[in-house]
Structure formats: structure tokens, C-alpha cells
């Protein structure tokens, strides 16, 4: 092959490479741009329903003030040098995120009944963008709940970590946890397709996820079979990350990096499943 032909071939390969790179970047920008639009549309619902914030604040108040106060006095749960109310606070925050997110999928059933979902599905928006946008929007409610828990913990004298980097990481973990469980909720909604069945499934799933985690007691207290289950429970990793980041001297069984990696991997898996079955809810 002549030198000029070789140079021409190299230029073609380079141009082809950069063309593919630009195409991939364009697709990614389009994908996340449409997801951001869905997130913004979903977030508007919260701005018209501030009453929901106050009603959801009741649950963490009851858990921290009553349950935490009683068990803190009894000292029946070994938490080392960490006061029980400090140990429990991240778990209750994770529980609040779980309870908010796991029932988020009912909005999809409402949208189907109102005909909104049909319009979204015939649009050129990627199915994964629809799911991701809704999942991220669910984190806005979770973050408002985090503000309530932080304020309550401050009033109760919990030894919170106010390091800005730690707080930003807590926000990131809350977004991951909320996105994970809201995506799981969308999958349930696509499978059961009715509000009554969805509410029943939500009630069935929330308590096992909560009590099979390290939210209110250490994993070491659990029976061996429950310890195995807890390690497959995403809520365990969310609580573990929050406990090490929110509380000064908070212990971590796995490390925040591993916790975040497990949550991210779980989100990718659930997002893939949800995007494939999302259109089935209208059939």
C-alpha cells in the first residue's frame, strides 16, 4: 500500500472514531436531557402538595422520639460507644426514604388511568429516560424528609457530622436509595397494574426490607440466616453508608465506597428491567 493511501486510511479511521464519539455523546445528552425534563415535570407535583411533607414527617418523629427513646433507656441493643438514638437515626432516615419511594409507582397507575402515560409512551422519549426521570424525581420528596430527620436529630442531641463533604455524600446516597426503591416500585406497578394490588404489594415488601436490614439493630445480632438475607438487601448498604457519614464515630461494615457501588449496580439492573416492562402497564 502506498504511503498516501496509508495516510488516507488513517484519516478515515480517525474521522470514523470521532464520528462515533460525537454520536455517543449526542445520544447520552439526549437521553439525560429527556430524563431531566421528566424529573422537572414530576417535581412540580410536590410543589402543589406541601401537606404531604408534614404528614410524612409523623413517622420518623414517632420512631425516633418514642421507639428510640424507650430502647435507648433499656440499653438492650449493643451499639458500642455510640448512643442508641445516634445509631438509630440514619436507619430511620433510610426507612423514610424506603417508605416514600416504594409507593411512588402508584403514580404510574394513575397516569395510565388518566391517559397521560399513553401520551408519554408514544413520544420519542427513551423508555429508560422516562423511568430514570421518575426515579430521580422521587428523591426530591426523600430529601425533604432528610431535612425533617436532621432537624429532629438536632433537637434530640444526636452527634451529627456537619462536614460539608459528608453532607453532600449523604445527599448523594439518599438520591441513590430513593432512585433504587422508586424504580423497584415502578416494576411492581407494571406487573400488578391495579392500585389495590400495588398497595398490598407495597405493604408486604416494606416491612421485610426494613427489618431485614441494619436500620435499628446491628447485623451481628441477627440469626445466621437473616444475616445472609441482610447482605442481599440494598437497604442495608444505604443505612451503612448513612451511618458512617451522618454520625460522628458512626461505624461502617462495608465502607461508603462499596455501599455506593452496590446501590449504583442495583439501580442499573432495576433500570434495565423497568425500561423493558414499562410499556406493558398500558396493555
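Suppose the filter is over 22 Å from residue 155 (Cα atoms), modelled with pLDDT under 70 and part of a loop (DSSP other than H, G, I, E, B); does residue 49 pass it? Against the criterion (over 22 Å from residue 155 (Cα atoms), modelled with pLDDT under 70 and part of a loop (DSSP other than H, G, I, E, B)), residue 49 qualifies.
Taking the listed residues 209, 176, 186, 168, the one that is closer than 22 Å to residue 260 by Cα, within 19 Å of the chain's Cα centre (by Cα) and exposed (fewer than 15 other Cβ atoms within 10 Å of the Cβ) is 168, with no other qualifying. Which of the residues belonging to the range 239-259 are more than 14 Å from residue 216 (Cβ to Cβ) and assigned to a helix (DSSP H, G or I)? Passing the criteria: 241, 244, 245, 246, 256, 257, 258, 259.
When the range 81-112 is filtered for residues that are farther than 20 Å from residue 237 by Cα, out of contact with any helix residue (DSSP H, G or I) (no Cβ under 6 Å at 6 or more places or on another chain) and outside any helix (DSSP H, G or I), the ones remaining, listed by number, are 81, 83. Listed by first and then second residue, the pairs with beta-carbon distance under 7 Å, at least 6 apart or on different chains, first residue in the range 122-141 and modelled with pLDDT of 70 or more, second assigned to a loop (DSSP other than H, G, I, E, B), are 138/104.
Please work out if residue 274 is closer than 30 Å to residue 70 by Cβ and crowded, with 22+ Cβ neighbours inside 10 Å. Taking the combined requirement at face value, the residue does not satisfy it.
Against the definition (surrounded by fewer than 21 Cβ atoms within 10 Å (Cβ to Cβ), farther than 15 Å from residue 175 by Cα and at pLDDT 75 or above), how does residue 116 come out, yes or no? Against the criterion (surrounded by fewer than 21 Cβ atoms within 10 Å (Cβ to Cβ), farther than 15 Å from residue 175 by Cα and at pLDDT 75 or above), residue 116 does not qualify. Among the residues of this structure, residue 181 does not count as one that is over 18 Å from residue 266 (Cα atoms), in a helix (DSSP H, G or I) and in contact with a helix residue (DSSP H, G or I) (Cβ under 9 Å, 6 or more places away or on another chain). Would you mind stating whether residue 191 is crowded, with 23+ Cβ neighbours inside 10 Å and in a helix (DSSP H, G or I)? Against the criterion (crowded, with 23+ Cβ neighbours inside 10 Å and in a helix (DSSP H, G or I)), residue 191 does not qualify.
No other residue among 195, 231 is in contact with a helix residue (DSSP H, G or I) (Cβ under 9 Å, 6 or more places away or on another chain) and farther than 20 Å from residue 101 by Cα apart from 231.
Among the residues of the range 246-268, is there at least one that is out of contact with any helix residue (DSSP H, G or I) (no Cβ under 7 Å at 6 or more places or on another chain), at positive phi, without any contact (Cβ under 8 Å) to a residue 24 or more places away in the chain and surrounded by fewer than 22 Cβ atoms within 10 Å (Cβ to Cβ)? Yes, because at least one residue in the range 246-268 is out of contact with any helix residue (DSSP H, G or I) (no Cβ under 7 Å at 6 or more places or on another chain), at positive phi, without any contact (Cβ under 8 Å) to a residue 24 or more places away in the chain and surrounded by fewer than 22 Cβ atoms within 10 Å (Cβ to Cβ).
For the range 202-220, residues that are part of a helix (DSSP H, G or I) and under 18 Å from residue 95 (Cβ atoms) total 11.
The values are calculated or read from the model by the stated rules, or taken from the named source; none is laboratory data. This structure is a prediction, so every number in the text was calculated from the model and none was measured. Because the Cβ atoms are built from the backbone with ideal geometry, glycine has one as well, and the counts that use them run over all protein chains shown.
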